[in-house]
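Beneath this line is the structure, given in structure tokens, with notes to follow.
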Amino acid sequence: MKLKRENTLSQLVLENIQNSIRDGEFKPGVCLPSERELAERYGVGKSSIREAIKMLQVLGVVESSQGKGTFLRESLGPQIFRPLLLDMMLQRSNAEELYEFRLIFDIAALKLATTKATDDEKLVIRQRFHEYKNLSEIHHPTADVADQEFHKIILNATRNQFIIKMGILVMELCRPYSKKGNAVLDKTVMDNHEKIMEIFCSGDTSNIDEAIKNSLIVFRHILDNRLSEEV
């Protein structure tokens with residue numbers, strides 16, 4: 001399989017390895033072909049293969065064991081989303097789109113989480129809510145961390161690794177705005193966080209859209225201000 005040369009060889013190798021992973025040719029937990037075999041397969045030098053493997057290691061897709069080879073990981077860590085995160089951070093006009101995405105994502109994640117939440121998770125989210133509330137009332141700098149822990153309970157309750165990892169990406173994208181929001185947090189936002197908690201614990205999703213939308217009032221306000229500053 002000779003690779004076309006419109007792009008760097010290592011990037012083309014990377015794309016072809018990713019295609020093989022997607023198509024099931026390279027399976028989780030299994031050792032990838034050797035550098036020599038991959039070089040022969042793609043018609044490139046071993047240095048291009050090594051560069052592509054290093055890229056996959058940075059992304060958390062593979063791990064190497066000295067003397068044993070390079071293995072495709074059983075599961076991917078959140079670092080797989082880092083390039084997407086950086087790309088989105090560089091998009092100066094993405095504020096409105098970020099709000100729309102978060103609104104849709106938060107509603108869908110909470111709906112799924114309510115169907116799977118355990119009694120222990122319901123107990124823990126109440127504890128995290130009160131921690132968040134107490135820290136926010138005194139404008140403590142760790143309030144945004146408590147807020148993230150609150151939302152991670154909901155993400156983990158979905159039992160869906162795609163949602164959990166994408167949710168972590170969303171939180172990282174929103175973190176600068178969340179920190180500003182916690183500095184000016186008002187009673188309305190906290191009341192709606194409490195409503196989210198009650199939806200999670202009760203499983204009653206009848207008012208979920210309104211609760212999520214209202215919980216993002218300050219977040220939306222900060223995004224609107226950013227957009228106006230950039231005009």
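The values are calculated or read from the model by the stated rules, or taken from the named source; none is laboratory data. Remember, predicted model here, so these are calculated numbers, not experimental data. With ideal geometry, Cβ positions are generated from the backbone for all residues, glycine too; neighbour counts draw on all protein chains shown.
Structure summary
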{"read-out": "Which listed residue is under 30 Å from E74 (Cβ atoms), among the acidic types (D, E) and either in contact with a strand residue (DSSP E or B) (Cβ under 7 Å, 6 or more places away or on another chain) or assigned by TED's automatic domain parsing to the domain that holds L98 (or both), from E137, E172, E194", "value": "E172"}
{"read-out": "Cross-chain or 6+ apart pairs with Cβ under 7 Å, the stretch 24-41 first and at negative phi and free of Cβ contacts under 8 Å to residues at least 24 places away in the same chain, then aliphatic (A, V, I, L, M) and buried (at least 17 other Cβ atoms within 10 Å of the Cβ)", "value": "E35/I49; A39/I49"}
{"read-out": "Restricting the stretch 54-68 to residues that are among the small types (G, A, S) and part of a loop (DSSP other than H, G, I, E, B), the residue that is nearest to the chain's Cα centre (by Cα)", "value": "G60"}
{"read-out": "Residue satisfying all of: in the stretch 69-116; assigned to a loop (DSSP other than H, G, I, E, B) and exposed (fewer than 14 other Cβ atoms within 10 Å of the Cβ); modelled with the highest pLDDT among these", "value": "E74"}
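Every residue, every condition in (1) assigned to a helix (DSSP H, G or I); (2) out of contact with any helix residue (DSSP H, G or I) (no Cβ under 6 Å at 6 or more places or on another chain); (3) surrounded by 18 or more Cβ atoms within 10 Å (Cβ to Cβ); (4) charged (D, E, K, R), yes or no:
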position	(1), (2), (3), (4)
D144	yes, no, yes, yes
K152	yes, yes, no, yes
I163	yes, no, yes, no
Y177	yes, no, yes, no
